[in-house]
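Below is one structure, written out as structure tokens; the observations come after it.
The values are calculated or read from the model by the stated rules, or taken from the named source; none is laboratory data. Quick caveat, the model's predicted, so the values are computed rather than measured. Note that we place each Cβ from the backbone using ideal geometry, even for glycine, and neighbour counts take in every protein chain shown.
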Amino acid sequence: MPFINMALRDDAEARAVTVGAMLTAGWAVFSFYPITVFPIIEGPRWTKGYSVNIAFICGCWGTFLAMQYLYKKSEKKRAEKMVREVAKDEEDLAAVEKDESEVREYAAGNK
């Protein structure tokens, strides 16, 4: 959940819907998962249950790593975009200052 709050920090509505969907999906799986994967008649070995748990753990780690990669990639793009915008603003400001100095020089030369 903290990752979703970080990733969607600029959009409160998207964050609320995403967190709500995550909680709903989690509880939906949690409601039937223990009953189907760890039936009492297979205990105490639960070979099917342990296999499913290992698969879920590997899947969660794989998803986490993929999301971290995509998040860092999007943050890098965001930072580059902001640098371009700031550089553009500074270039515009420098152009305005240059134009003002040229106008001053021209006005001083015509006096």
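Worth a mention:
- Any hit, segment 84-91, residues being assigned to a helix (DSSP H, G or I), at pLDDT 85 or above, of a type in the set (D, E, K, R) and loosely packed, with under 11 Cβ neighbours inside 10 Å: no
- Across segment 1-43, the number of residues qualifying as basic (Lys, Arg) and exposed (fewer than 10 other Cβ atoms within 10 Å of the Cβ) comes to 1.
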